[in-house]
Amino acid sequence: MKISLKWLNEYVDVDEFFARPEELAAHLTAAGLEVDEIENLATPYKNVVIGTLLEVGKHPNADKLTLCQVSTGEGVIHQIVCGAKNHKQGDRVVAALPGAVLPGDFAIKKSKLRGVESAGMLCSEKELQLSEESAGILILDEDAPIGQNFATYYGLDDILFEINVTPNRADCLSHLGLAREIGALLGREVHPPQLNLNRVGDSTRNEIQLDLIDMDRCPRYAGCFARNVKVGPSPQWLKQRLEKVGINSINNVVDITNFILMDLGQPLHAFDVSHLKGKKISIEGAKEGETFKTLDGTELKLDGSELTIRDGERAVALAGCIGGENSGVSDSTTDVFIESAYFRPKAVRTTARKFGLETDSSYRFSRGVNPEGVPFAMDRACQLLQDICGAEVFSDPYDMYPNPIEIPSIRLNRKYVEQRLGFEVKNEDFVKWIEGIGCGLEVLDGGEGYVVTPPPYRTDISIPEDLVEEFGRLYGYKHIPDNLPSLQDAPTEDDLNYKLEDVVRTSLIAGGFFECFNYAFLNKAYQEKILGETSPLEVLNLRVPTEPIKIKNPLNEDYAVMRTSLIPGLLKNIETNLNRSIDFGQLFEIGKSFDRSKDQYHEESRLALGIFGQSNGLWDKTKIPAAFRLKSAVEGLIQSLKGRNWHWSTPAESRQVPSFIHPKQVSFLTYEGKTLGFIGTLHPALAEEFKLKEDIALAEFNLDLLFQGQPRNFKYKKISKFQSAERDLAFLVPKDLSAGALSQAIAKAAGKICRSVEIFDVFEDESLGDNRSVAYRIELQDMDSTLDEEQLTKTQQKIIEQVTSQLPVKVR
């Protein structure tokens with residue numbers, strides 16, 4: 001939020017900080033209001049002053065240029081060549097003298113123009129960045145003080161603070177609110193704005209009928225009628241104030257409501273009374289299915305849960321969020337109804353998030369405004385309508401507050417404050433700082449206890465801990481002593497799952513993977529499109545509910561349900577990278593999936609992995625399919641967990657394969673007797689739909705099952721002293737039989753002397769029909785003796801006999 005120091009200075013004395021703004025920024029940051037940026041608006045106008053044209057003559061060498069003699073009041077006459085035609089002798093102008101650097105880093109220096117020396121430049125509004133276009137130089141009022149710095153004359157001798165206001169400090173979202181905070185920090189008196197409103201004799205209640213129906217979501221609603229309003233441009237001072245803090249000027253009526261927003265922190269709304277059907281206003285829920293068009297032309301469909309401001313026939317505003325196109329102020333408006341209200345934060349926040357309405361009004365209402373400031377803000381706006389727009393403000397305004405919000409008192413004792421902060425607290429210090437922020441305070445037991453009543457604008461103070469925090473930050477956290485805690489007990493050991501996840505993380509990062517962190521909630525339609533039919537995942541012990549868990553109050557539709565799998569989020573990461581011309585990557589995510597059965601909610605730990613594209617390394621030009629590289633990474637991960645008894649298998653039927661995976665390029669992982677996940681290539685239909693042209697492999701595993709029986713110790717076994725031997729066998733294998741199944745059959749037939757079985761060649765040809773040739777290298781080694789040729793031959797024959805009898809294969 002942007003804050004003007006000049007504006008702030010009207011309410012609390014901060015004069016000395018114009019020269020040293022960093023000091024005030026340090027005070028605010030130390031108190032929890034971080035100042036992100038300081039901008040001195042006068043800096044671009046150094047050496048830019050007001051001058052008067054003593055003489056305007058023709059340039060001797062150019063018909064389109066004039067030669068001006070300019071006085072800036074210091075007894076020196078500046079000769080300046082000018083190309084504009086809208087000036088004459090005696091005009092007050094803006095002169096940029098040598099040394100000035102105008103906005104846009106345009107440096108001014110002495111120079112010659114067509115052979116004549118020019119000591120500066122006469123500036124236009126565009127060159128001063130006061131407007132986007134200008135027909136000539138800026139001509140000032142005839143009473144503009146000669147020699148005065150232009151920034152001072154034009155009100156740009158100001159300093160802006162960009163302040164990061166935390167969500168709990170809604171009271172600081174205005175100049176008056178920040179003035180209160182500075183007053184408390186520096187012990188200075190705060191002077192709120194004073195009212196000087198003259199109402200006419202007519203009654204607001206005779207012009208507008210008001211019904212406060214939803215008193216729960218709108219505890220307080222005030223409104224006032226104003227007649228003969230002259231809508232037009234705002235005066236310069238009002239435009240300038242708003243533009244300084246980042247708000248564009250619209251017209252004088254709208255600008256007044258925005259001024260009150262930034263001045264007092266109270267959002268207002270102005271209705272054109274001529275568009276209010278039945279001259280009626282009611283505050284109630286929306287009608288289910290009705291449509292509402294906002295001021296910016298966006299059409300919204302309401303479901304009946306929203307709080308609306310209605311006339312006799314339809315919604316004219318979404319309470320606390322935005323007004324309607326059907327009742328906004330325009331140039332033809334003459335009568336207005338000014339609304340000032342207190343809406344419950346939850347009511348506004350729910351509607352704003354549902355429709356993505358991020359307005360200045362919803363931002364403040366969602367955090368909580370001062371319910372006691374409602375009528376004052378309305379009256380201040382009416383006074384400005386009177387002063388600026390010539391309005392006749394009617395008497396007898398509405399202020400409906402049927403159930404005043406009670407502010408409960410908070411009891412605490414000084415010892416409690418000392419225990420929480422860790423240092424001695426003096427009674428006088430506690431009273432000084434807590435009263436300084438506007439709290440009512442009753443001292444009990446001679447300064448040992450307190451009853452504190454927070455001010456209505458401090459909605460963040462409700463429990464004793466809040467008061468401890470307030471005193472700590474105001475008195476200064478520097479008073480907390482630096483004492484190391486005594487370690488009497490051994491530190492608590494890390495959670496086992498945390499340590500196991502760290503093993504997984506370390507293994508994958510060592511293999512060149514990058515970890516992803518995605519939200520646990522996502523778009524329902526996107527998740528369903530990616531996952532498709534979910535029953536195959538259930539067989540893999542990856543539980544997926546029929547209906548995902550819905551978020552009651554989602555930020556928007558992209559975060560409406562809890563995820564049931566990590567794959568959609570990881571695929572979105574891959575898509576994002578590919579769309580940014582990153583054509584190779586290895587990603588993983590460790591996280592939770594969520595489901596519900598009846599009234600029970602369940603979380604399941606998952607690991608998802610994805611590889612896309614081919615590495616473009618200078619040395620490694622081998623084109624290995626992504627699924628093979630991913631399989632190798634998973635096997636390395638299992639080994640890092642000291643896993644045993646695991647194998648890959650191919651599903652017998654395509655309907656057993658997850659919908660988003662290629663039915664012929666997939667394997668299931670069985671680990672210690674339980675199937676717990678899959679690895680496979682992305683289905684071509686999905687790749688085409690999302691325009692993903694690179695080779696993509698995905699995997700997802702149930703970490704809860706993978707971690708069962710952990711941690712495990714290394715098992716040591718004796719290394720054979722005898723030489724190993726190798727035998728190569730090639731089999732004619734049906735294409736629908738997995739090579740893994742044949743590998744397992746070979747190892748089983750070879751018995752305990754089998755050390756490894758590896759594929760070293762695959763050959764396919766039309767002459768083989770529906771078969772392919774797969775060649776295996778079998779390593780054999782005995783622990784007690786060297787294997788002789790007879791033993792090797794018997795073992796080889798045993799392998800051939802058992803494998804060919806068990807599987808539909810033949811030896812080539």
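The values are calculated or read from the model by the stated rules, or taken from the named source; none is laboratory data. A quick note: this is a predicted structure, and the numbers were derived from the prediction, not measured. Because the Cβ atoms are built from the backbone with ideal geometry, glycine has one as well, and the counts that use them run over all protein chains shown. We work out accessible area using only protein heavy atoms, side chains counted, and drop any ligands, DNA or RNA first. Shrake-Rupley method; radii C 1.70, N 1.55, O 1.52, S 1.80 Å.
In region 467-504, how many residues are crowded, with 16+ Cβ neighbours inside 10 Å and out of contact with any Gly (no Cβ under 8 Å at 6 or more places or on another chain)?
Quick first cut of region 467-504, residues crowded, with 16+ Cβ neighbours inside 10 Å only: 467-472, 474-475, 500-501, 503-504.
Now restrict to residues that are out of contact with any Gly (no Cβ under 8 Å at 6 or more places or on another chain): 467-472, 475, 500-501, 503-504.
Final tally of qualifying residues: 11.
Of the residues that sit in region 625-664 and are in a loop (DSSP other than H, G, I, E, B), within 20 Å of Asp736 (Cα to Cα) and polar (S, T, N, Q), which one is farthest from the chain's Cα centre (by Cα)?
The qualifying residue farthest from the chain's Cα centre (by Cα) is Thr650.
Having 2 or more residues that are over 28 Å from the mean Cα position of the chain (by Cα) and at pLDDT 95 or above is the bar; report the helices (runs of 4 or more DSSP H) wholly within region 308-390 that clear it.
Details: elements: 345-355, 360-367, 374-389.
Because the criterion is at least 2 residues that are over 28 Å from the mean Cα position of the chain (by Cα) and at pLDDT 95 or above, the helices (runs of 4 or more DSSP H) in region 308-390 that meet it are 374-389.
Suppose the filter is loosely packed, with under 14 Cβ neighbours inside 10 Å, under 30 Å from Asp482 (Cβ atoms) and touching a residue at least 40 places away in the same chain (Cβ under 8 Å); does Ile463 pass it? Even if it seems obvious, please write down each step before you answer.
Values: loosely packed, with under 14 Cβ neighbours inside 10 Å: yes; under 30 Å from Asp482 (Cβ atoms): yes; touching a residue at least 40 places away in the same chain (Cβ under 8 Å): yes.
Answer is yes for this residue.
Tally the residues that are of a type in the set (Asp, Glu) and out of contact with any helix residue (DSSP H, G or I) (no Cβ under 8 Å at 6 or more places or on another chain), restricting the search to region 185-230. Show your work before the answer.
Step one: filter region 185-230 for residues of a type in the set (Asp, Glu), giving 189, 202, 207, 211, 214, 216.
Next, only the ones that are out of contact with any helix residue (DSSP H, G or I) (no Cβ under 8 Å at 6 or more places or on another chain) stay: 202, 211, 214, 216.
Number of matching residues: 4.
Any residue in region 549-570 that is touching a Gly at 6+ places or on another chain (Cβ under 6 Å), open to solvent by less than 40 Å² (accessible area, probe 1.4 Å) and not in a helix (DSSP H, G or I)?
We begin by selecting, within region 549-570, every residue touching a Gly at 6+ places or on another chain (Cβ under 6 Å); these are 556, 566, 570.
With the extra rule that they be open to solvent by less than 40 Å² (accessible area, probe 1.4 Å), the set shrinks to 566, 570.
Filter once more, so that each one left must be not in a helix (DSSP H, G or I): 566.
Yes, there is a match, as at least one residue in region 549-570 is touching a Gly at 6+ places or on another chain (Cβ under 6 Å), open to solvent by less than 40 Å² (accessible area, probe 1.4 Å) and not in a helix (DSSP H, G or I).
Can you list residue pairs whose Cβ atoms sit under 8 Å apart, with the first residue in region 671-700 being of a type in the set (A, V, I, L, M, F, W, C) and the second being part of a loop (DSSP other than H, G, I, E, B) and open to solvent by 40 Å² or more (accessible area, probe 1.4 Å)? Count only pairs 6 or more apart in sequence or on different chains.
Cβ pairs passing all conditions: Leu676/Asn541; Ala687/Lys693; Ala697/Pro625.
If the Cβ limit is 8 Å and pairs must be 6+ apart or interchain, which residue in region 769-781 that is in contact (Cβ under 8 Å) with a residue 60 or more places away in the chain pairs with which residue that is open to solvent by 30 Å² or more (accessible area, probe 1.4 Å) and in a strand (DSSP E or B)?
Matching pairs, first to second residue: Gln781/Arg755.
Regarding region 583-606, can at least one residue be identified that is under 26 Å from the mean Cα position of the chain (by Cα) and without any contact (Cβ under 8 Å) to a residue 24 or more places away in the chain?
yes
Could we say that Asn573 is surrounded by 14 or more Cβ atoms within 10 Å (Cβ to Cβ), in the same structural domain as Ser615 (by TED's automatic domain parsing) and at positive phi here?
Working: surrounded by 14 or more Cβ atoms within 10 Å (Cβ to Cβ): yes; in the same structural domain as Ser615 (by TED's automatic domain parsing): yes; at positive phi: no.
So Asn573 does not fit the description; no.
Restricting attention to region 542-564, does a residue exist that is of a type in the set (A, V, I, L, M), within 22 Å of Ile638 (Cα to Cα) and touching a strand residue (DSSP E or B) at 6+ places or on another chain (Cβ under 8 Å)?
To start, the set of residues in region 542-564 that are of a type in the set (A, V, I, L, M) comprises 542, 544, 549, 551, 555, 560-562.
Add one more test, that the residue is within 22 Å of Ile638 (Cα to Cα), and what stays is 542.
If we keep only those that are touching a strand residue (DSSP E or B) at 6+ places or on another chain (Cβ under 8 Å) as well, we get 542.
Yes, because at least one residue in region 542-564 is of a type in the set (A, V, I, L, M), within 22 Å of Ile638 (Cα to Cα) and touching a strand residue (DSSP E or B) at 6+ places or on another chain (Cβ under 8 Å).
Name the residues in region 422-451 that are in contact (Cβ under 8 Å) with a residue 40 or more places away in the chain and either among the small types (Gly, Ala, Ser) or touching a His at 6+ places or on another chain (Cβ under 8 Å) (or both), would you?
Gly422, Phe423, Gly436, Gly438
Working carefully through the options Ile753, Ile799, find the one that is open to solvent by less than 50 Å² (accessible area, probe 1.4 Å), β-branched (Val, Ile, Thr), touching a helix residue (DSSP H, G or I) at 6+ places or on another chain (Cβ under 8 Å) and closer than 28 Å to Ser640 by Cβ.
Details: Ile799 fails: closer than 28 Å to Ser640 by Cβ.
Answer to the check: Ile753.
Return the pairs, sorted by first residue and then second, in which the second residue is aliphatic (A, V, I, L, M) and in a loop (DSSP other than H, G, I, E, B), the first residue lies in region 148-168 and is free of Cβ contacts under 8 Å to residues at least 60 places away in the same chain and more than 14 Å from Leu5 (Cα to Cα), the beta carbons are less than 7 Å apart, and the residues are 6+ apart or on different chains.
none
Looking only at region 274-291, decide whether some residue is closer than 30 Å to Ser131 by Cα, in the same structural domain as Val374 (by TED's automatic domain parsing) and open to solvent by 20 Å² or more (accessible area, probe 1.4 Å). Can you show your working first?
Start the filter on region 274-291 by keeping residues that are closer than 30 Å to Ser131 by Cα, which leaves none.
No, region 274-291 contains no residue that is closer than 30 Å to Ser131 by Cα, in the same structural domain as Val374 (by TED's automatic domain parsing) and open to solvent by 20 Å² or more (accessible area, probe 1.4 Å).
Would you call Gly177 assigned to a loop (DSSP other than H, G, I, E, B), within 28 Å of Asp36 (Cα to Cα) and open to solvent by less than 20 Å² (accessible area, probe 1.4 Å)?
Values: assigned to a loop (DSSP other than H, G, I, E, B): no; within 28 Å of Asp36 (Cα to Cα): yes; open to solvent by less than 20 Å² (accessible area, probe 1.4 Å): yes.
No: the conditions fail for Gly177.
Please count how many residues of region 290-304 are assigned to a loop (DSSP other than H, G, I, E, B) and either in contact with a strand residue (DSSP E or B) (Cβ under 7 Å, 6 or more places away or on another chain) or within 24 Å of Arg205 (Cβ to Cβ) (or both). Please lay out each step first, then the result.
So in region 290-304, the residues assigned to a loop (DSSP other than H, G, I, E, B) come out as 290, 295-298, 302-304.
So of that shortlist, the ones also either in contact with a strand residue (DSSP E or B) (Cβ under 7 Å, 6 or more places away or on another chain) or within 24 Å of Arg205 (Cβ to Cβ) (or both) come out as 290, 295, 302, 304.
The number of residues fulfilling the criteria is 4.
Taking region 29-53 as the search range and keeping residues that are in contact with an Asp or Glu (Cβ under 8 Å, 6 or more places away or on another chain) and of a type in the set (A, V, I, L, M), which one is surrounded by the fewest Cβ atoms within 10 Å (Cβ to Cβ)?
Filtering region 29-53 for residues that are in contact with an Asp or Glu (Cβ under 8 Å, 6 or more places away or on another chain) and of a type in the set (A, V, I, L, M), the one surrounded by the fewest Cβ atoms within 10 Å (Cβ to Cβ) comes out as Ile38.
Any idea which of (1) exposed (fewer than 15 other Cβ atoms within 10 Å of the Cβ); (2) closer than 20 Å to Gly312 by Cα is the one Asp216 doesn't satisfy?
Evaluating Asp216 over (1) exposed (fewer than 15 other Cβ atoms within 10 Å of the Cβ); (2) closer than 20 Å to Gly312 by Cα leaves (2) as the failure.
Under 17 Å from Ala775 (Cβ atoms) and open to solvent by 20 Å² or more (accessible area, probe 1.4 Å): which single residue out of Arg712, Arg727 fits that description?
Arg727
Take region 764-777 and flag every residue that is farther than 12 Å from Val809 by Cβ, at pLDDT 90 or above and within 55 Å of the chain's Cα centre (by Cα). Reasoning before the result, please.
In the first step, residues of region 764-777 are kept if they are farther than 12 Å from Val809 by Cβ; the result is 764-770, 775, 777.
Those still in the list that are at pLDDT 90 or above too: 775, 777.
If the condition is that a residue be farther than 12 Å from Val809 by Cβ, at pLDDT 90 or above and within 55 Å of the chain's Cα centre (by Cα), then no residue fits.
Anything in region 14-28 that is open to solvent by 20 Å² or more (accessible area, probe 1.4 Å) and either touching a residue at least 12 places away in the same chain (Cβ under 8 Å) or in contact with a Ser or Thr (Cβ under 6 Å, 6 or more places away or on another chain) (or both)? List them, or say none. Outline the logic, then answer.
Filtering region 14-28 for residues open to solvent by 20 Å² or more (accessible area, probe 1.4 Å) gives 15-16, 18-20, 22-23, 26-27.
Within region 14-28, Phe18, Glu22, His27 meet the criteria.
Does region 64-78 contain any residue that is assigned by TED's automatic domain parsing to the domain that holds Ser131, surrounded by 13 or more Cβ atoms within 10 Å (Cβ to Cβ) and modelled with pLDDT under 90?
Within region 64-78, one or more residues are assigned by TED's automatic domain parsing to the domain that holds Ser131, surrounded by 13 or more Cβ atoms within 10 Å (Cβ to Cβ) and modelled with pLDDT under 90.
Does Thr576 satisfy the condition of being free of Cβ contacts under 8 Å to residues at least 24 places away in the same chain and under 19 Å from the mean Cα position of the chain (by Cα)? Reasoning before the result, please.
Details: free of Cβ contacts under 8 Å to residues at least 24 places away in the same chain: yes; under 19 Å from the mean Cα position of the chain (by Cα): yes.
When the stated conditions are applied, Thr576 passes them.
Consider Asn541 against the criteria (1) touching a Gly at 6+ places or on another chain (Cβ under 9 Å); (2) more than 22 Å from Glu501 (Cα to Cα); (3) in contact (Cβ under 8 Å) with a residue 40 or more places away in the chain; (4) open to solvent by 30 Å² or more (accessible area, probe 1.4 Å): it satisfies all of them except one. Which criterion is unmet?
The one condition Asn541 does not meet is (2).
Name every residue in region 386-415 that is among the β-branched types (Val, Ile, Thr) and open to solvent by 40 Å² or more (accessible area, probe 1.4 Å), in order of residue number.
From region 386-415, those among the β-branched types (Val, Ile, Thr) are 388, 393, 405, 407, 410; that's our starting set.
Selection gives Ile388, Ile405, Ile407.
Looking at region 144-162, which of the residues that are open to solvent by less than 30 Å² (accessible area, probe 1.4 Å) and not in a loop (DSSP other than H, G, I, E, B) is nearest to Cys172 (Cα to Cα)? Step through it out loud before you land on a result.
The initial filter retains those residues of region 144-162 that are open to solvent by less than 30 Å² (accessible area, probe 1.4 Å), namely 144, 150-151, 155-156, 158-161.
Narrowing further to those that are not in a loop (DSSP other than H, G, I, E, B): 150-151, 159-161.
Numbers: Phe150: 31, Ala151: 28, Ile159: 18, Leu160: 15, Phe161: 13 Å.
Among those residues, the one meeting the criterion is Phe161.
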